[in-house]
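Asker: Handing you this structure, nothing more for now.
The values are calculated or read from the model by the stated rules, or taken from the named source; none is laboratory data. Remember, it's a predicted structure, so these values are computed and weren't measured experimentally. Note: ideal-geometry Cβ built from the backbone for every residue, glycine included; neighbour counts use all protein chains shown.
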Amino acid sequence: MENEALFRDKPVWTVIFSLAIPSCITILIMTIYNMADMFFVGMLGDTAQVAAVSIVSPVFSLVMAIATMIGAGGCSVVANAIGAEKKEEAKTYSSLCCMTSVVIGIICSAVILSSTTTVLNLLGANEDIMVSSYTYMRTLAVGVPFMLFSTGFASILRAEGAIKEGLIGNMMGTILNIALDPIFILVLQKGVEGAAIATVIGNVVSSAFYLYFIVKKATVISVNPRFAMKDPMSLFHILAIGLPNGISSLLSGFASTFSNKLLVGYGTDTVAAMAAAGKTVMVITMIHMGICMGVQPLMAYTYGAKNGKRMTEILKKLLLLTVVFGTMTTIICFITKHELIGLFLKNTSAASMGECLVIYLLLASPFMGIFYLSTNFLQACEKALPATIISVLRQGGILIPCLYLMEHLMGFTGIAVAYTIADLFSVIIAAISIILVIKSDKYLRE
């Protein structure tokens, strides 16, 4: 298989760039897509609608947590099975991922639609934000099954080296979404509801493309239910491996909820300012994530093939790559922070607060690649527990207490400082975990 030969035989730098570049393009397109909603909503000049996007995001962080758990876990175990020459297992894993995405997507959609107001009250939506948040959440909820499937299988396709197809499917949905945003938001004057409609349509198109590729052209991965039925209990193995990604997204949503509850006390403009600052830093985070997630199938395949020497070379080169790119993008974001914040906020007061907050959020950015390298490496080696612990510490165990402590000490700027403290501690713990796993695993020491 040509894709398998890429993982096994090509020089490490060649494979890294072959995997990381399309992955980073995909991630950057997703970042633009995430920013597009806020950008076009921001053009309305209504900070309440901008804030509504931020208030609702934790709910769909939960959905994305499930999607990334399925996608990351599925990608890792499928690539590992291919590396160990267990193709039937790979088919079983991918089929289980498909069935799980569809079933959980329908359940999530039903739950969100039946409890919208209750959820928004829990998220801290005040009277100014409630109407916009309600409309935005209910519209997005309709497309949850497609969101789960398209996000999950964008990752799983990489397991058999279908990098180009994963990129095409993502670009189709995202470009369509971005093209529809101004039509629905501005021309048809649907505001945040229009942003949600465009998102749903984009996910439907991506899902259709991935399904077509898997059924007609995939060589290993499958959505045929008969493979899933061979070993349904393998689903727990997939979810365990993907759990760090799911935990990270889930706790990110919880942290956003706690953060927004604190920020609401300073006014709607402050919520919007933090949302814009977060979107600005997201570019750097997504590049780190794109590099490491893109190369995760290579690490999983290499571990499955028990090639410790090649794994060591992969880790060293990924470390160099993430630090260099992380530093470069941090500098660029700092220099252009005024322009970047201005993309989302037209209110001068809110924009000024956003520029202040983004400086703190940028401090740990050059080193965050180490965190994502660690979690993806641990997943590739099927070390689910330490990867999960690292994710829990970053987004929960360290961050949430820091939010309350630093807000008490520094006011609303302390909320941004809390994110930096949590990130720096997580990077240190992640680096230590890589060293400990290499020393303790006999295959990696060879």
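Asker: Being aromatic (Phe, Trp, Tyr), more than 20 Å from residue 318 (Cα to Cα), out of contact with any strand residue (DSSP E or B) (no Cβ under 7 Å at 6 or more places or on another chain) and surrounded by 24 or more Cβ atoms within 10 Å (Cβ to Cβ) is the requirement here; does residue 419 meet it?
Answerer: yes
Asker: Something else about it: Given (1) surrounded by fewer than 20 Cβ atoms within 10 Å (Cβ to Cβ); (2) touching a residue at least 60 places away in the same chain (Cβ under 8 Å); (3) touching a Gly at 6+ places or on another chain (Cβ under 9 Å), where does residue 122 come up short, assuming only one miss?
Answerer: All conditions are met except number (3).
Asker: Out of 383, 337, 346, I need the residue that is over 21 Å from residue 258 (Cα atoms), touching a residue at least 60 places away in the same chain (Cβ under 8 Å) and basic (Lys, Arg). Which one?
Answerer: Sole residue among the options that is over 21 Å from residue 258 (Cα atoms), touching a residue at least 60 places away in the same chain (Cβ under 8 Å) and basic (Lys, Arg): 346.
Asker: Can you find even one residue in the stretch 377-389 that is surrounded by 18 or more Cβ atoms within 10 Å (Cβ to Cβ), of a type in the set (S, T, N, Q) and in a helix (DSSP H, G or I)?
Answerer: Checked against the condition, which is being surrounded by 18 or more Cβ atoms within 10 Å (Cβ to Cβ), of a type in the set (S, T, N, Q) and in a helix (DSSP H, G or I), the stretch 377-389 yields at least one hit.
Asker: Here's another thing I want to ask about it. Quick one: count up the residues across the stretch 137-190 that are within 20 Å of the chain's Cα centre (by Cα), of a type in the set (Phe, Trp, Tyr) and more than 30 Å from residue 302 (Cα to Cα).
Answerer: 1
Asker: Could you check the stretch 328-353 and list, in sequence order, the residues that are surrounded by 15 or more Cβ atoms within 10 Å (Cβ to Cβ), closer than 12 Å to residue 366 by Cβ and not aromatic (Phe, Trp, Tyr)?
Answerer: 329, 330, 333
Asker: Would you check which residues across the stretch 82-114 are of a type in the set (Gly, Ala, Ser) and within 25 Å of the chain's Cα centre (by Cα) and list them?
Answerer: Within the stretch 82-114, 90, 94, 95, 101, 105, 109, 110 qualify.
Asker: Right, next: Those residues that are in contact with an Asp or Glu (Cβ under 7 Å, 6 or more places away or on another chain) and either among the β-branched types (Val, Ile, Thr) or touching a residue at least 24 places away in the same chain (Cβ under 8 Å) (or both), I need them from the stretch 395-446; list them, please.
Answerer: Listed by number, the list holds a single entry, 415.
Asker: If a residue must be part of a helix (DSSP H, G or I) and surrounded by fewer than 21 Cβ atoms within 10 Å (Cβ to Cβ), how many such residues does the stretch 391-411 contain?
Answerer: 13
Asker: Check 104, 70 and return the single one that is at pLDDT 80 or above, touching a Cys at 6+ places or on another chain (Cβ under 9 Å) and in a helix (DSSP H, G or I).
Answerer: After applying the criteria, what remains is 70.
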